[in-house]
Amino acid sequence: MPTDPTVPTAVSGAVTRHRISALLGSRVLLRDGSQAGFVTEVRLAGGPGLQSYVVEGLVVGSRVQGSMLGYDRREVAGPWLVRALVRLVNRDLSYVPWASVSRIDWDGHVVEVDRVGPLTDERALR
Amino acid sequence: MAERTDQPGFRRQYDAQLHLLDRQILDRDGLPVAKVDDIELVVRADGRLAVAALLCGPGALGPRTGGRLGRWTKAIWRRLRPDEDPQPGRIDAALVTGTDSAVHVSASAAELRLDGLERWVRRYVVDRIPGADHAD
């Protein structure tokens, strides 16, 4: 796990604060400088209580995109054509677990990662 | 308000955009407070990014929107705020009691004293239109 992958943008006392919107849309770069995509989603896990949730990983896509309207989830039913189109648009999603995040440049909107893996959970396109 | 049959709880995982951003925040009485316009993260001692608060209102939505519209939103909001360095509305994450289609908090809307976009527009735009006091 990285010791401190963040570059402070707002420091209040001893606490460094960021906005999740600064992470969404950030460019994702591999260590060799090649571009892996953009942060399209921030996954949180933990609890109990929202204050105990931490960033577990980042969903990365080849383009900056907004909500997928829930069609990327298995339990969401809907017109098959819409579902097929959303799947087509999002066929290249991948996942970066937090442990693979080596550095975040909050002001430059760049996330440097060690590796990008497949998205294998319910959000994966099947 | 209709009595709730299923209490909101917490998911094992949240995808911030899908499950939290733009969701309606309801107070302890089920009254709408604001929308989740952004989420504040805090860097913990172990380097992990933890959820600290929900941010609401033009001061949060403007920077998130970005571009000219976002800059204008924030600039107008700052102009109309009496404080020199206004901060967006903030709901501490510890006040969140659970989520379903909305985000539920344990405080009342009055206690939170938030500056949600709808509340802000009503106060600074709609209420200043001549005849607005007859709307009720």
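Here are the numbers for the structure shown:
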quantity	calculated
Residues of the stretch B:24-55 satisfying the condition of being among the acidic types (Asp, Glu), within 10 Å of chain A (Cβ to nearest Cβ) and in contact (Cβ under 8 Å) with a residue 40 or more places away in the chain	B:37, B:38, B:40
Evaluation of residue B:58 against (1) surrounded by 21 or more Cβ atoms within 10 Å (Cβ to Cβ); (2) more than 8 Å from every other protein chain (Cβ to nearest Cβ); (3) closer than 16 Å to residue B:104 by Cα (one fails), failing number	(3)
Strands (runs of 3 or more DSSP E) contained entirely in the stretch B:29-136, each with at least 1 residues that are within 11 Å of the chain's Cα centre (by Cα) and closer than 14 Å to residue A:19 by Cα	B:38-43, B:49-56, B:89-92
Filter result (modelled with pLDDT of 70 or more and either β-branched (Val, Ile, Thr) or closer than 18 Å to residue B:15 by Cβ (or both)) within the stretch A:73-85	A:82, A:83
Residue in the stretch B:75-92 that is facing chain A (nearest Cβ under 9 Å), modelled with pLDDT of 95 or more and either out of contact with any Gly (no Cβ under 7 Å at 6 or more places or on another chain) or under 28 Å from residue B:125 (Cα atoms) (or both) present	yes
Leading residue by the ranking (nearest to the chain's Cα centre (by Cα)) among those in the stretch A:12-45 that are within 13 Å of chain B (Cβ to nearest Cβ) and in a loop (DSSP other than H, G, I, E, B)	A:24
Output for the stretch B:1-28, where each listed residue is part of a loop (DSSP other than H, G, I, E, B) and closer than 24 Å to residue B:86 by Cα	B:21, B:22, B:23, B:27
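The values are calculated or read from the model by the stated rules, or taken from the named source; none is laboratory data. Remember, it's a predicted structure, so these values are computed and weren't measured experimentally. Ideal geometry is used to build each Cβ from the backbone, glycine not excepted, and the neighbour counts take in all protein chains shown.
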